[in-house]
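K.L.:
Sharing a structure here in structure tokens format.
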Amino acid sequence: MDHNLTDTRVSRRAALWMSVAATTLAIGGPTARGAVPPQRNGKSHMKLSLAAYSFTRTLPRSWTPDQLADAKFTLERFIDFCAEQNLDGCELTAYYFPKEITNDYLMSLKERCFRLGLDISGTAIGNDFCLKEGEARDRNLKMCRDWIDHSAALGAPVIRIFAGNIPQGDSEDAARERCIDGINQSLEYAATKGVCLALENHGGITGTSEQLLKIVEGVKPSPWFGVNFDGGNFRTADPYADLARIAPYTINAQIKVEVAPGGKTELADLGRVVRILKDANYRGFLVLEYEAKEDPLEAVPGYLKKLRDLISA
């Protein structure tokens with residue numbers, strides 16, 4: 001690879017983002033204080049991926065080699081399943097990696113995905129950046145840095161990150177400021193590794209679109225930051241309206257087969273969710289994260305077919 005050419009492309013992309021940010025500041029737009037929506041060429045285009053979390057009931061967590069003998073499912077089997085479904089990619093969630101992650105193990109997964117024609121569409125971690133200063137917060141920041149390294153090694157372009165929850169007795173404003181600081185610190189390192197951080201709407205201080213966008217507006221403008229659009233996580237009166245508000249900032253999108261307006265679970269209108277992303281000119285992976293009750297081995301293929309039809313329509 002021509003590293004000079006790569007550096008030039010990154011520099012041009014960064015320059016474009018800074019130009020957009022400067023324009024937004026000049027006109028006093030709604031994102032004047034922070035991150036701006038990604039600028040894209042062409043029409044919406046989506047590739048299909050599947051999250052390992054879809055098999056969370058069977059995948060071992062933070063395992064040691066001796067525990068794999070009794071495992072019903074492994075990341076390797078998950079990758080094989082994704083290939084059997086003729087997907088474009090797979091998302092490898094941090095929870096299901098071994099307790100001790102070695103470069104050899106990362107390379108074995110990377111080789112398997114490449115051999116089977118799969119991109120690693122991204123990774124995901126369960127961080128909490130709302131924590132107050134101390135050892136727990138330091139561990140979360142280190143986990144994010146470690147997974148930036150792991151993602152770069154795997155060739156994964158993005159990590160799904162969480163904001164976190166308000167510590168007992170604390171205020172949402174204080175928790176949000178710590179979250180923004182944690183993201184900004186992590187972004188500085190992510191930019192040196194070429195890995196994007198995508199903040200997910202995942203309850204806590206991202207339970208509504210307004211809460212999520214307050215964080216987005218506080219993060220320093222960066223081409224390496226955006227939103228992870230989760231189609232099933234808003235439990236508001238009108239989750240589809242909330243999804244439409246965050247869609248312009250989306251750099252990674254995941255679909256759930258259920259939504260919960262007002263907290264009441266029902267089947268998602270997948271066509272409506274995909275249309276929201278298309279209207280926002282989203283280009284990138286659409287990742288199915290299956291969480292419903294049916295066995296994912298039985299249910300996932302049908303939902304993948306439906307999503308494939310929707311994104312090609």
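K.L.:
Can you report the number of residues in the range 243-266 which are in contact with a Ser or Thr (Cβ under 6 Å, 6 or more places away or on another chain) and in contact (Cβ under 8 Å) with a residue 40 or more places away in the chain?
P.N.:
Residues flagged as in contact with a Ser or Thr (Cβ under 6 Å, 6 or more places away or on another chain) and in contact (Cβ under 8 Å) with a residue 40 or more places away in the chain within the range 243-266 amount to 1.
K.L.:
Conditions first: (1) free of Cβ contacts under 8 Å to residues at least 24 places away in the same chain; (2) buried (at least 23 other Cβ atoms within 10 Å of the Cβ). Residue 188 passes all but one, so which condition is the exception?
P.N.:
(2)
K.L.:
Consider residue 165 against the criteria (1) open to solvent by 50 Å² or more (accessible area, probe 1.4 Å); (2) under 26 Å from residue 106 (Cβ atoms): it satisfies all of them except one. Which criterion is unmet?
P.N.:
(2)
K.L.:
Just for the range 82-106: of the residues that are in a helix (DSSP H, G or I) and either of a type outside the set (A, V, I, L, M, F, W, C) or open to solvent by less than 10 Å² (accessible area, probe 1.4 Å) (or both), which one is nearest to residue 286 (Cα to Cα)?
P.N.:
Within the range 82-106, the match that is nearest to residue 286 (Cα to Cα) is 82.
K.L.:
Here is a further query. Which pairs turn up if I take residues in the range 90-113 that are among the polar types (S, T, N, Q) and look for partners that are crowded, with 16+ Cβ neighbours inside 10 Å and in a strand (DSSP E or B) with beta carbon separation below 9 Å, at least 6 apart in sequence or on another chain?
P.N.:
Pairs found: 93/51; 93/123; 93/124; 93/160.
K.L.:
Looking at (1) closer than 21 Å to residue 159 by Cβ; (2) part of a helix (DSSP H, G or I); (3) open to solvent by less than 10 Å² (accessible area, probe 1.4 Å); (4) touching a residue at least 40 places away in the same chain (Cβ under 8 Å), which is the one condition that is false for residue 300?
P.N.:
The single condition residue 300 does not satisfy is (1).
K.L.:
Working only within the range 121-139, note down all residues that are buried (at least 22 other Cβ atoms within 10 Å of the Cβ) and not in a loop (DSSP other than H, G, I, E, B).
P.N.:
Across the range 121-139, the qualifying residues are 121, 122, 123, 124.
K.L.:
With respect to the numbered conditions (1) under 29 Å from residue 261 (Cβ atoms); (2) not in a helix (DSSP H, G or I), which one is the sole condition not fulfilled by residue 183?
P.N.:
(2)
K.L.:
May I pose another question? Look through 77, 112, 145 and report the one residue that is in a helix (DSSP H, G or I), within 26 Å of residue 191 (Cα to Cα) and of a type in the set (Lys, Arg).
P.N.:
When all the criteria are applied, what remains is 145.
K.L.:
Separate question: Exactly one condition in (1) of a type in the set (Ser, Thr, Tyr); (2) more than 19 Å from the chain's Cα centre (by Cα); (3) closer than 18 Å to residue 287 by Cα is false for residue 151; which is it?
P.N.:
Among (1) of a type in the set (Ser, Thr, Tyr); (2) more than 19 Å from the chain's Cα centre (by Cα); (3) closer than 18 Å to residue 287 by Cα, residue 151 violates only (2).
K.L.:
Considering only residues that are farther than 22 Å from residue 157 by Cβ, touching a Pro at 6+ places or on another chain (Cβ under 9 Å) and of a type in the set (Gly, Ala, Ser), which ones fall in the range 227-252?
P.N.:
232, 237
K.L.:
Restricting attention to the range 226-242, report how many residues are under 19 Å from residue 46 (Cα atoms) and touching a residue at least 40 places away in the same chain (Cβ under 8 Å).
P.N.:
Counting residues in the range 226-242 that are under 19 Å from residue 46 (Cα atoms) and touching a residue at least 40 places away in the same chain (Cβ under 8 Å) gives 6.
K.L.:
Among what's in the range 63-76 and is within 19 Å of residue 156 (Cβ to Cβ) and not aliphatic (A, V, I, L, M), pick the residue that is surrounded by the fewest Cβ atoms within 10 Å (Cβ to Cβ).
P.N.:
Once the filter is applied, the top-ranked residue is 76.
K.L.:
Take the residues in the range 168-180 that are in a loop (DSSP other than H, G, I, E, B) and open to solvent by 50 Å² or more (accessible area, probe 1.4 Å); name whichever of them is farthest from residue 207 (Cα to Cα).
P.N.:
As a first pass, look at the range 168-180 and keep what is in a loop (DSSP other than H, G, I, E, B): 168-171.
Next cut, open to solvent by 50 Å² or more (accessible area, probe 1.4 Å) only: 168-169, 171.
Working: 168: 17, 169: 19, 171: 15 Å.
Here the residue is 169.
K.L.:
Among the residues of the range 150-163, are any outside any strand (DSSP E or B) and basic (Lys, Arg)?
P.N.:
Checking the range 150-163: not a single residue is outside any strand (DSSP E or B) and basic (Lys, Arg).
K.L.:
Could you tell me whether any residue of the range 220-240 is part of a helix (DSSP H, G or I), open to solvent by 20 Å² or more (accessible area, probe 1.4 Å) and of a type outside the set (Ser, Thr, Tyr)?
P.N.:
Checked the range 220-240: no residue is part of a helix (DSSP H, G or I), open to solvent by 20 Å² or more (accessible area, probe 1.4 Å) and of a type outside the set (Ser, Thr, Tyr).
The values are calculated or read from the model by the stated rules, or taken from the named source; none is laboratory data. Everything numeric in this text was worked out from a predicted model, so none of it was measured. Cβ: placed from backbone, ideal geometry, glycine included. Neighbour counts: every protein chain shown. Surface accessibility is based on the protein's heavy atoms, side chains included, excluding ligands, DNA and RNA. Shrake-Rupley method; radii C 1.70, N 1.55, O 1.52, S 1.80 Å.
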